[in-house]
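Engineer: Would you mind keeping the following structure in view while I ask a few things?
Just so it is clear, none of the values below were taken in a lab; they were calculated from the coordinates. Computed from a prediction, not measured in an experiment: that's the story for all the values here. Note that we place each Cβ from the backbone using ideal geometry, even for glycine, and neighbour counts take in every protein chain shown.
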Amino acid sequence: MITASNPLGFLALFLVVIVTAPLIAWFVIASQLRAASVVKKWAARGGYRILRMQRKIFSGPFYGNPIYAAMWRLTVQDNRGQVRHLWAGSRGTLPTWQFCLPSEVDVKWDDDGPTDTCERNVG
């Protein structure tokens with residue numbers, strides 16, 4: 001039990017926080033960096049040049065689904081010069097622990113493009 005009269009309890013709690021907090025921070029940062037990288041690779045493989053890429057937190061067609069590590073609002077230009085807008089959600093593969101490290105992208109186009117596509121293992 002951790003009490004004021006038990007300094008070892010305070011020391012143990014302090015050590016757990018000191019070790020755990022940086023690990024959690026590293027994991028969150030790594031996940032977000034990977035999510036951005038996966039979306040950029042998807043665009044490059046599809047022949048799109050990203051003109052604008054905004055991270056979205058509480059909006060978009062993938063909002064509310066916990067499997068998505070990150071959601072993005074993109075403006076891209078295709079090989080013909082046409083500018084298009086879309087939503088991209090980066091997610092991992094379930095049911096493994098890797099669902100936390102995105103490796104797939106689901107997209108929803110604003111215009112008459114494909115409604116949903118998925119590029120697997122782009123990371």
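Engineer: Got a sec? How would 26, 42 order by Cβ neighbour count within 10 Å, fewest to most? Walk me through the numbers before you get to the answer.
Structural biologist: Numbers: 26 10, 42 23.
Neighbour counts put them in this order, fewest first: 26, 42.
Engineer: Tell me, what is the FRET efficiency for residue 27 and residue 58 to the nearest 0.05, using R0 = 30 angstrom and their Cβ-Cβ distance as r?
Structural biologist: Values: r = 21 Å, r/R0 = 0.71.
In this case the efficiency is close to 0.90.
Engineer: Mind sorting 31, 59 by how few other Cβ atoms lie within 10 Å of their own Cβ, fewest first? List each step's numbers first, then the result.
Structural biologist: Values: 31 16, 59 10.
By the 10 Å Cβ count, ascending, the order reads 59, 31.
Engineer: Taking other Cβ within 10 Å of each residue's Cβ, how do 111, 106 sort, fewest first?
Structural biologist: Listed from fewest to most nearby Cβ atoms, that is 111, 106.
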